[in-house]
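Working notes for the structure below.
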Amino acid sequence: MHIRDSFFSSFQTIMTHKLRSFLTLIGIVIGVMAVVTMFSAIDGMKRFVKENMEKMGWDNSVIITPSQQQNYWNMRFRYGKTQRNVQPLSYKDYRLLTDSLNVKMSYGMIEENSDFSAGGKKKYAKVRATTNDFLINKTYEVGKGRAFSTFEESNASRVCIIGYYFAKTHFQSKTPLNQVIKLGNQNYRIIGILADDPLSQRKNFNFNAWERRADLRAVYIPLSTGAKYMRTNGAIDYIYLQSPDLESYKSLKNKARQLLLSRHSMYPNFGFQNVGTFLMQITEQTNKIMDKFNITLSIIASVSLLVGGIGLFSTLLISITERMKEIGIRKSFGATEGDIFFYFIAEALSLSLLGAGGGVFLAMLLLKIFSTVVGMPFYIPVAGIVLGIAFSLFIGFLSGLYPAIKAAKINPIQAIFYFD
């Protein structure tokens, strides 16, 4: 008996007993759906963690900060330098690093609280001096107006970009573009307004929602402006550097250290916060935990598939009794034990394949609904589909193995006269 004929006969048998086949398939469908759904849910969570880590803007990055004052005497003893000969971390350091290093993203930051005046009233504002790269790195978009120009960033222009919630709170329905507000002792012209957070607009989860809301309540001025008007000696609070990829991350950090040491008379009055390394460790640990959950949940979900396999096993045993005369006739016309064996295995595999297809379809539908409800995308990876189908076929083969062996060993004479 040819393989094609065996599967064709199997599908004919399945269609002849529609209700029985449907009831048998339910267990397999539920089992495959559970396996694929669990696998896809864990994969979706891993992607969610990775994407949110990247959206926080700290991947492959390092933050350079001034050293703590408490370490000064130890440093002085070790390096024999006096503090008055060493400049603080400054805007010139930032320019040196960005001009000399190959970076994907970079910005400096100065932050302080300030009084501001608008419409003759004194109010409160958080002022941040930085560059356009900060907004790009955090995926903030300028909804109205524009970002800082190259000229404004280089020449300490007194312009500002205000956050979405800042504009909503202090200007309400008015359009503040091109208006002048007073921050401390300086007047600044508003050139842009940040749009609402794109993450919150998609109703998505994110790890740092509170931080992003605080960002959109702030006022942003060019870094050169902040270094000139908000600090002495052009000092800045920290410098952020992001390498183009993981491979160049260590090289970037080492070169940055060498450049700063050369500018600071070999006195290390700065420190490195390896945020990228820290986040990579968090991501790796999270992935390990997710993988363990994946194995555990897949095992639990596989129990329902095993139950479906038991139902398939029972159906095939009953099918032997019903088709006893058919088996005898097939053998009398030359069918071998191998042909009969493969005929029943083909039926078991056909039922498993149909059940796997139905399970994958229901899993896709369920994950689509769940994604819509919670606002977090869930993808069905190819590995999840392959795992569900392969496990279903494996269970189908095991379920059909004993009935197929039993049917193959039936005596043809006894089978023909079984019902007589």
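Just so it is clear, none of the values below were taken in a lab; they were calculated from the coordinates. In this text, all values refer to a predicted model and were calculated from it rather than measured experimentally. Positions of Cβ are generated from backbone atoms using ideal geometry, with glycine treated the same way; all protein chains shown enter the neighbour counts.
Observations on the model:
- Measure of compaction for the range 113-219 (Cα Rg per 2.2 N^0.38 Å): 1.05
- Greater than 29 Å apart at Cα, pairs in Lys123/Lys228; Lys250/Lys292; Lys18/Lys292; Lys138/Lys250; Lys168/Lys253; Lys250/Lys368: Lys250/Lys292; Lys18/Lys292; Lys168/Lys253; Lys250/Lys368
- Burial ordering of Arg128, Arg231, fewest other beta-carbon atoms within 10 Å first: Arg231, Arg128
- Fraction of C-alpha pairs exceeding 26 angstrom in the range 290-420: 39 percent, rounded to a whole number.
- Here Lys331 is the anchor, and the lysines within straight C-alpha reach of less than 20 Å, apart from those fewer than 8 places off in the same chain, are Lys406, Lys409.
- Packing-based exposure ordering (other Cβ within 10 Å, fewest first) of Arg323, Arg189: Arg189, Arg323
- The relative contact order of the range 113-219 comes to 35 percent, based on Cα pairs under 8 Å that sit 6 or more residues apart.
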